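Input: a single structure, listed below in structure tokens.
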Amino acid sequence: MPSAQDWINNPLGVVEGIFEQNNSNPEWDKKVVDFFKEKLAEKEAQSWVPSLNDVQPHYLKPNSLVKFRCMVQDMFDPEFYMGVYEVVDQTTKSKNLKCGKYKDVTECVQVDFHSRNNLPSERQTFYCVPVPGESPWVKECYARSSQARVIPSTSYTPNRQKRSYDEDDDMDTQSQRPGDTNSGRKGSADSRSNGDCKRQETEAPSSSGSSSASTPSCASPLDLYYPLPGEQGPACLVKVYEEWESFKLNDTLEVYGILSVDPALSGVGEEKEVSSLLDPEESMETAEEQRAHSPPPSLVPRLHMLHAVPLKHNNPLLPPAASEEVAAGVLSELGATRSELLAFLTHVLLGDALAAEYLLLHLISNVYARRDILPLGKFALNLSGCPQTSPYTEHLHRIIQQLVPASYRLPMSLQNMNSMRMVPRKDHVANRLVSGALQLAGNTSLFLDETQLEQGQLDTAGVRNITALGNLISWQKVDYDFNYHQMEFPCNINVLVASEGRSLLPSDCQVQLQPQVSPPSVEEYLSGVQAALAPSQINKFRLYLTVARTLEYSITEEVTKAVEEDFVEMRKDDPQSMTAEDLHRMLVVSRLLSISLGQTTLPTDVWMKTKHMELLRMSRIQQQKSVNGHEP
């Protein structure tokens with residue numbers, strides 16, 4: 001067996017050692033998984049493993065253990081490979097069993113494909129991308145916590161992986177056969193057609209609209225399928241061997257697996273010796289599928305999963321191993337942190353304390369359950385009254401980005417609405433899911449900047465995009481376009497709409513911004529507010545928001561009865577003044593207000609504060625209606 005440190009540098013050696021000792025035992029592969037789980041459970045062991053999010057693949061040793069923080073962007077159909085195969089020594093003619101698991105290519109000269117000892121197996125392939133919209137502070141925190149030693153292999157780094165990405169593009173367009181030597185699959189999802197335009201290896205188009213929204217006919221065959229424009233980082237084909245049914249599209253994971261970047265995988269169209277194949281049957285893929293499912297490994301490395309950790313949140317300040325201890329510390333200071341965060345948000349919202357209260361509640365909102373089609377816990381906020389002539393909304397998003405792990409600002413300009421692809425679409429020719437801007441990980445903050453919407457005509461695509469945004473806000477779902485039908489995917493996205501007047505989109509709550517200060521330069525004012533905040537303080541805010549989202553909450557029968565009686569009392573004089581919709585919103589606000597204070601049920605004083613806040617909020621809206629008589 002390899003030494004203890006070799007489980008990172010030479011994981012295949014560990015796998016082969018366990019296989020040789022236990023190949024007569026059908027559960028030998030379970031021992032492999034258990035071995036790596038135990039190793040990764042050791043103190044700080046996970047920080048020793050290099051991350052593809054921090055280090056480019058060509059600086060990592062091939063076939064070493066790496067990790068990848070990602071979102072499942074697409075799921076291909078299962079593929080077959082040779083799990084166990086027999087090889088023949090050409091000199092002695094002796095036969096030996098070899099393990100094909102966690103590999104793409106054999107290392108042997110002669111494979112006996114007619115041996116009865118060969119054991120075909122099945123695995124699933126996920127196409128994974130970095131978490132869309134991941135905040136820069138999250139990336140920096142993860143990178144700083146890494147203790148991995150990255151020493152490029154001298155036998156590996158030259159030539160192939162050092163070649164420019166344009167050369168990789170040129171090579172890939174010369175031929176069309178699948179380079180993955182063990183793919184016997186029919187892949188599942190969506191590609192773009194074979195235009196000649198090129199995309200850089202690790203970066204999506206930088207424009208907000210046109211590039212990411214372009215039609216499939218003008219996209220590169222090496223599109224990395226990032227949902228959001230301007231994204232950076234590697235995409236990976238993750239090979240999953242156990243319990244793949246437990247994973248879903250758009251799940252966020254930290255995957256630990258064996259890195260496979262064999263140049264043979266991009267030899268599309270090149271003849272290979274049959275002995276190098278681990279595939280027991282010929283692929284039935286079309287040329288388009290082959291291009292979409294077998295990209296060059298320099299662009300899209302293969303990662304053979306040994307272990308995966310589902311990420312309930314993506315806050316590096318609250319690691320799972322220490323989450324209970326850290327969460328307890330946050331809870332002990334919850335009241336003080338809330339007051340400080342509220343004061344900060346009040347400054348950010350130009351002195352408006354009421355709007356700051358609602359923004360804080362919005363930031364900790366979370367879909368905690370679904371009743372029939374109704375998502376419970378969502379709190380989409382429309383912050384109206386935002387100045388249109390200043391860059392206020394852009395700076396507001398940057399501040400929110402500093403607080404949350406993942407966010408995206410979508411300027412709702414007419415061009416973006418008419419040109420962007422928001423809803424993912426299935427390309428049946430390439431059997432690939434073409435990503436869209438609404439294919440986001442759970443708990444992402446989506447900032448819709450409606451102040452950018454100018455006068456003009458929405459075309460058919462624009463109407464579809466507005467409808468998709470409305471469905472996301474109202475039902476927390478996105479209907480993916482499968483051409484002949486739509487497939488509904490539930491989501492958990494925090495939507496904040498910044499608008500000048502009342503938004504044309506639905507919302508759970510509208511707050512009219514009433515600035516109490518009028519700085520000569522909004523940009524300088526907000527920069528000063530941020531600069532006054534110490535790094536330790538903003539880390540407290542980040543922890544507070546994450547912990548608050550995870551708190552359990554329940555409401556007792558006694559409190560429910562008291563609220564119902566209060567509701568009846570409020571409707572006594574004027575039944576039209578309080579509707580069932582108003583009551584539902586008040587219950588949502590009171591729940592979030594309780595959680596923000598660290599309360600797991602609804603105290604009387606919180607209910608009274610909720611009524612007061614709602615009264616102030618509604619009076620602002622009525623005042624605005626009287627000023628703008630035409631406003632709905």
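Structure summary
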quantity	calculated
3 or more residues more than 15 Å from HIS307 (Cα to Cα) and either at pLDDT 90 or above or open to solvent by 10 Å² or more (accessible area, probe 1.4 Å) (or both): qualifying helices (runs of 4 or more DSSP H) within the stretch 1-62	11-22
Qualifying residue in the stretch 108-122 (condition: modelled with pLDDT of 90 or more, part of a loop (DSSP other than H, G, I, E, B) and either open to solvent by 10 Å² or more (accessible area, probe 1.4 Å) or on the phi > 0 side of the Ramachandran plot (or both))	no
Check on ASN483, on the phi > 0 side of the Ramachandran plot and in contact with a strand residue (DSSP E or B) (Cβ under 7 Å, 6 or more places away or on another chain)	yes
When residues of the stretch 1-57 are limited to those that are among the acidic types (Asp, Glu) and in contact with a helix residue (DSSP H, G or I) (Cβ under 7 Å, 6 or more places away or on another chain), the one farthest from LEU303 (Cα to Cα)	ASP6
Qualifying position, being more than 30 Å from ALA406 (Cβ to Cβ) and under 27 Å from the mean Cα position of the chain (by Cα), among ASN63, ASN23	ASN63
Matching residues in the stretch 507-525 - criterion: being open to solvent by 50 Å² or more (accessible area, probe 1.4 Å) and under 32 Å from the mean Cα position of the chain (by Cα)	GLU523
Cβ pairs under 6 Å, 6+ apart, first in the stretch 532-555 and outside any helix (DSSP H, G or I), second not β-branched (Val, Ile, Thr)	TYR553/ARG591; ILE555/LEU602
Meets criteria (within 37 Å of the chain's Cα centre (by Cα) and open to solvent by 70 Å² or more (accessible area, probe 1.4 Å)) for PRO603	no
Single condition MET487 does not satisfy, out of (1) of a type outside the set (D, E, K, R); (2) open to solvent by less than 60 Å² (accessible area, probe 1.4 Å); (3) not in a helix (DSSP H, G or I)	(2)
Test: residue in the stretch 438-446 that is open to solvent by 30 Å² or more (accessible area, probe 1.4 Å) and either more than 23 Å from PRO375 (Cβ to Cβ) or of a type in the set (Ser, Thr, Tyr) (or both)	no
Residue within the stretch 573-586 that is part of a helix (DSSP H, G or I), touching a residue at least 40 places away in the same chain (Cβ under 8 Å) and over 29 Å from GLY501 (Cβ atoms) present	no
The listed residue being at pLDDT below 95 and open to solvent by less than 20 Å² (accessible area, probe 1.4 Å), out of CYS128, CYS99	CYS99
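Residue-by-condition table, conditions (1) out of contact with any Leu (no Cβ under 7 Å at 6 or more places or on another chain); (2) at pLDDT below 70; (3) closer than 30 Å to LYS98 by Cβ:
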position: GLU273; (1), (2), (3): yes, yes, yes
position: ASP279; (1), (2), (3): yes, yes, yes
position: GLU282; (1), (2), (3): yes, yes, yes
position: ALA287; (1), (2), (3): yes, no, no
position: LEU299; (1), (2), (3): no, no, yes
position: ASN314; (1), (2), (3): yes, no, no
position: GLU325; (1), (2), (3): yes, yes, no
position: SER332; (1), (2), (3): yes, no, no
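The values are calculated or read from the model by the stated rules, or taken from the named source; none is laboratory data. These numbers come from a predicted model, not from an experiment. Quick reminder, even Gly has a Cβ in these numbers, built from the backbone with ideal geometry, and neighbours come from all protein chains shown. For accessibility, only protein heavy atoms count, side chains too; no ligands or nucleic acids. Shrake-Rupley method; radii C 1.70, N 1.55, O 1.52, S 1.80 Å.
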